[in-house]
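Visitor: Okay, handing you the structure first.
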Amino acid sequence: MKLLVTGGAGFIGSAFVRMAHGSGFEIVNLDKLTYAGNPENLEAVEGKAGYRFVHGDICDAALVEGLLEEARPEAIVHFAAESHVDRSILSPDAFVETNVRGTFTLLEAAKKAGTRKFCHVSTDEVYGSVEAPHEATEEDALRPNSPYSASKAGSDLLVRSYFQTYGLPAVVTRASNNYGPYQFPEKLIPLMILNAMENRPLPVYGDGQQVRDWLYVEDHCRALMAVLEKGRAGETYNIGGNRSLANLEVVRRVLESVGRPETLIQYVRDRPGHDRRYALSSAKLMNETGWAPEVSFEDGLSETIRWYRGHPGWIERVRSKEYREYYAANYSGRGLKKSETL
Ligand code: NAD
Ligand code: DAU
């Protein structure tokens with residue numbers, strides 16, 4: 001089976017490309033290589049038969065239409081997005097452009113090409129903050145609270161409309177917080193691992209009692225493979241890790257695993273509009289496909305720390321000037337001293 005993957009040079013997309021190519025899928029990977037897209041994430045497949053990289057923007061209709069016409073993939077797996085909530089608060093434009101217009105552009109091209117499967121990779125953040133003990137189901141209302149989650153909710157609704165109106169055989173998946181190797185260090189777990197390794201302050205937003213459900217990236221990719229194989233067109237599938245933890249607990253476990261003291265924790269100004277709790281029921285996906293998460297948080301975290309320890313060159317290279325500027329803007333705005341930023 002031939003797949004067009006978008007955003008396959010990012011964290012989850014590259015894990016999916018490595019897994020799907022390893023399972024015999026032919027892959028065409030369309031990626032703009034924004035700050036988050038990194039060809040180094042794809043060294044395992046680069047130059048191999050059945051893998052091809054196309055450098056381009058999903059908002060470029062002529063490029064996307066031409067690619068579908070020429071490559072004729074059986075399915076599209078759509079990861080490409082602006083993905084970081086804090087960046088969406090500082091500069092939302094690119095989120096609306098890529099996440100909404102980019103998804104629209106792909107849907108139009110898929111409709112014209114008669115693509116037989118369209119898998120839209122979305123997020124549990126579209127449900128907004130979920131009151132305990134409820135776990136969001138696919139039937140819950142969408143209540144996004146950040147420009148990022150609003151742009152993802154907008155794209156989910158466009159996908160729904162292309163199924164309802166044009167019969168495009170599309171599915172939407174909504175995963176919880178991913179972690180694992182190759183994650184860009186702006187996100188909580190890699191940021192805390194790197195700061196702990198380097199004895200820099202670990203900036204915890206607000207009281208650190210916000211709850212997230214942690215999903216190891218390979219479990220997410222296995223779920224997407226199951227959806228590709230067995231998912232029903234027009235349906236939405238939640239993908240949760242079934243491992244809820246408060247942020248402070250995650251940070252403490254990172255410090256313990258890296259062997260650093262809790263005095264490195266620094267409480268900083270909270271994220272505006274910060275969702276208190278995400279929680280998902282994945283019962284529908286589990287019942288329909290037999291998928292279940294396989295990697296415990298303890299094993300996933302150890303593997304992730306081991307990976308970052310073993311890749312100092314990767315870390316150095318992704319910490320570009322742009323990243324350092326973002327870090328200074330985000331964290332000095334929250335109360336870290338200039339000398340404490342990167
Ligand atoms: P990421 O930021 O690591 O990677 C995004 C990739 O998309 C990069 O390779 C980037 O170059 C590419 N890209 C961005 N704009 C593009 C454009 N206009 N055209 C083509 N390529 C473009 O993101 P990620 O964490 O791997 O997330 C991938 C997808 O999964 C996103 O859609 C995100 O919303 C969703 N998701 C992420 C998580 C998570 O915890 N990280 C959880 C649930 C869902
Ligand atoms: O839930 C799925 C979503 O998970 C994905 O859709 C997003 O693409 C992904 O970025 C992630 O969003 P979050 O906002 O939950 O992830 P982030 O890693 O930014 O933050 C996780 C939690 O940790 C959140 O409550 C904010 C907090 N945090 C984060 C950072 C970066 C801190 O306390 N300090 C920090 O420095």
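Just so it is clear, none of the values below were taken in a lab; they were calculated from the coordinates. What you see is a predicted model, and the numbers here were worked out from it, not measured in a lab. We place every Cβ from the backbone using ideal geometry, glycine too, and count neighbours over all the protein chains shown.
Visitor: Describe numerically, in nm with one decimal, the distance between label points set 7 Å from Cα along Cα→Cβ at Arg306 and at Lys337.
Guide: 3.8
Visitor: Let me ask something else about it. Could you tell me the distance between the Cα centroids of region 261-285 and region 122-142, to the nearest Å?
Guide: Going from one Cα centre to the other spans 14 Å.
Visitor: What distance in nm separates the simple spin-label points at Glu235 and His274, each placed 7 Å from Cα in the Cβ direction?
Guide: 3.7
Visitor: Which order do peptides 294-301, 75-82 fall in by mean Cβ count within 10 Å, highest first?
Guide: So the order, starting with the most tightly packed, is 75-82, 294-301.
Visitor: Still on this structure: Between Tyr323 and Ser129, what is the label-to-label distance in nm when each label sits 7 Å out along the Cα-to-Cβ direction?
Guide: Taking the two extended label points, one gets 3.1 nm.
Visitor: Quick one, can you get me the convex hull of the C-alpha atoms of region 29-154 expressed as volume per residue in Å³?
Guide: 135
Visitor: Using the Karplus curve 6.51 cos²θ - 1.76 cosθ + 1.60 with θ = phi - 60°, what ³J(HN,Hα) values do you get for each residue of region 26-36, in whole Hz, with x for Gly and Pro?
Guide: 8, 10, 10, 10, 9, 8, 7, 6, 6, 3, 8
Visitor: Please label the shape of region 174-326 as rounded, prolate or oblate, based on the square roots a ≥ b ≥ c of the eigenvalues of the alpha-carbon gyration tensor (a/c under 1.5 means rounded; beyond that, a/b larger than b/c means prolate, else oblate).
Guide: Judged from the Cα gyration tensor, region 174-326 comes out prolate (a/c at least 1.5, a/b above b/c).
Visitor: Check Val268: other-chain or 5+ apart residues with amide H under 5 Å from its amide H, H built from backbone geometry?
Guide: Close amide H contacts, sequence-distant or interchain: Val204, Tyr205, Gly206.
Visitor: Still on this structure, please answer the following. Please give the calculated 222 nm ellipticity per residue for the chain, where each DSSP H segment of at least 4 residues contributes -39500 (n - 2.57) and the sum is spread over every residue; nearest 500 deg cm²/dmol?
Guide: Result for the chain: -12000 deg cm²/dmol, rounded to the nearest 500.
Visitor: Something else: With the convex hull built on the Cα atoms of region 109-263, state its orientation-averaged projected area in nm².
Guide: 10.5
Visitor: Just give me a number: lysine pairs in the chain, eight or more positions apart or cross-chain, with C-alpha atoms less than 19 Å apart.
Guide: Within the chain, the lysine pair count is 13.
Visitor: Report the trypsin sites (Lys or Arg not before Pro) located in region 36-99 that are in a DSSP loop and have at most 12 other Cβ atoms inside 10 Å of their Cβ, or state none.
Guide: Those that pass, being in a loop and sparsely packed, are Lys48.
Visitor: Volume per residue, Å³, of the convex hull around the alpha-carbon atoms of region 178-243?
Guide: 118
Visitor: If you average the alpha carbon positions of region 147-224 and of region 5-45, how far apart do those two centres end up, in angstrom?
Guide: 17
Visitor: Any chance you could list the semi-axes, whole Å, largest first, of the equivalent ellipsoid that the Cα gyration tensor gives for the chain, using √(5λ)?
Guide: Three semi-axes, in Å: 31, 22, 20.
Visitor: Rounded if a/c is under 1.5, else prolate if a/b beats b/c, else oblate: with a ≥ b ≥ c from the C-alpha gyration tensor eigenvalues square-rooted, which is region 54-126?
Guide: prolate
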